[in-house]
Amino acid sequence: MAEDLIIDKSVSKAAQYKSLIPQIEALLFGESDFVANMANVSAALKEQFSWFWVGFYLVKEDELVLGPFQGPVACTRIKKGRGVCGSSWEKATTLIVPNVDEFPGHIACASASKSEIVIPLILDNVVIGVLDVDSEFLDHFNETDELYLKQIMAILLKH
Ligand code: SME
């Protein structure tokens, strides 16, 4: 496995995902450790997109607990239904929040975070965690991110 990613930030967002996805598949190939794979997926996404914060929260009993991530320190535990992450868990659906200040109950781990996308990790119809991505720019995420991040989560879950 080559550990160096080939990163081109000058192309469209979709093109960046299309270049990154096979590299993530190669990175995860033959590795079944979920924590190691979440760690490398967060690192690869951070390297490609330079987002403010990208990482995982995992369902543990009645809470989400912080998992592997890249970015500043973050809240450790989030209750079901709380904030964007807890709402994505409760609804088992992707949430795109263009302006976090307008999301009722948003949990501000960092005041620099302005917009957010959360993708639930669903295994056998059960949400086992979420991928959370935060940007310091308003309205930074759209359906393109949802489409490709879901593909990346599917790759992660099949390993
Ligand atoms: N903003 C999130 C909390 C997690 S951090 O941003 C890393 C939320 O409202 O669920």
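The values are calculated or read from the model by the stated rules, or taken from the named source; none is laboratory data. Quick caveat: nothing in here was measured; it's all calculated off a predicted structure. Cβ: placed from backbone, ideal geometry, glycine included. Neighbour counts: every protein chain shown. Heavy atoms of the whole protein, side chains included, go into the accessibility calculation; ligands, DNA and RNA do not. Shrake-Rupley method; radii C 1.70, N 1.55, O 1.52, S 1.80 Å.
Highest GNM mean-square fluctuation among ALA92, ALA110, ALA15, for the chain modelled with Cα contacts below 10 Å: ALA15. Rg ratio for the stretch 1-94: its Cα radius of gyration over 2.2 N^0.38 Å, N being its residue count, equals 1.20. Backbone amide hydrogens, once placed in the peptide plane, bring TRP53 within less than 5 Å of ASP134, excluding anything fewer than 5 places away on its chain.
In a fully extended conformation the segment linking LYS18 and VAL73 would gain 16.9 nm over its present Cα-Cα distance, using 0.36 nm per residue.
Between ASP124 and ASP33, the simple spin-label model (points 7 angstrom out along Cα→Cβ) gives 2.4 nm. Note on the chain: helix-only mean residue ellipticity at 222 nm, from DSSP H runs of 4+ residues weighted -39500 (n - 2.57) and normalised by residue number, equals -11500 deg cm²/dmol. Taking the accessible area of the chain, probe 1.4 Å, and keeping the other protein chains in place, the carbon and sulfur fraction comes to 53%. Past the 18 angstrom mark, what percentage of all C-alpha to C-alpha distances in the chain do you count? Counting pairs separated by more than 18 Å, the tail of P(r) holds 55 percent.
Shown here for the stretch 60-159: trypsin sites (Lys or Arg not before Pro) in loop regions (DSSP other than H, G, I, E, B) with at most 15 other Cβ atoms within 10 Å, namely LYS80.
Taking one equal scatterer on every alpha-carbon of the stretch 72-159, how large is log10 of I(q)/I(0) by Debye at q = 0.14, 0.21 1/Å? With one equal scatterer per Cα and no solvent, log10 I(q)/I(0) is -0.46, -1.02.
Among the GluC sites (Glu not before Pro) found in the stretch 33-102, those both in a DSSP coil and sparsely packed, with 12 or fewer other Cβ atoms within 10 Å of their Cβ, are GLU61.
Taking a Cβ cut-off of under 12 Å around LYS79, the surrounding Lys, Arg, Asp and Glu residues balance to a net charge of 0, with basic ones at +1 and acidic ones at -1.
Full-extension gain between GLU61 and GLU146, please, as 0.36 nm times their residue separation minus the C-alpha to C-alpha distance.
Taking 0.36 nm per residue and subtracting the Cα distance, the gain is 27.9 nm.
Solvent exposure of the stretch 1-122, expressed per residue, is 50 Å² of accessible area, with all protein chains present and a 1.4 angstrom probe.
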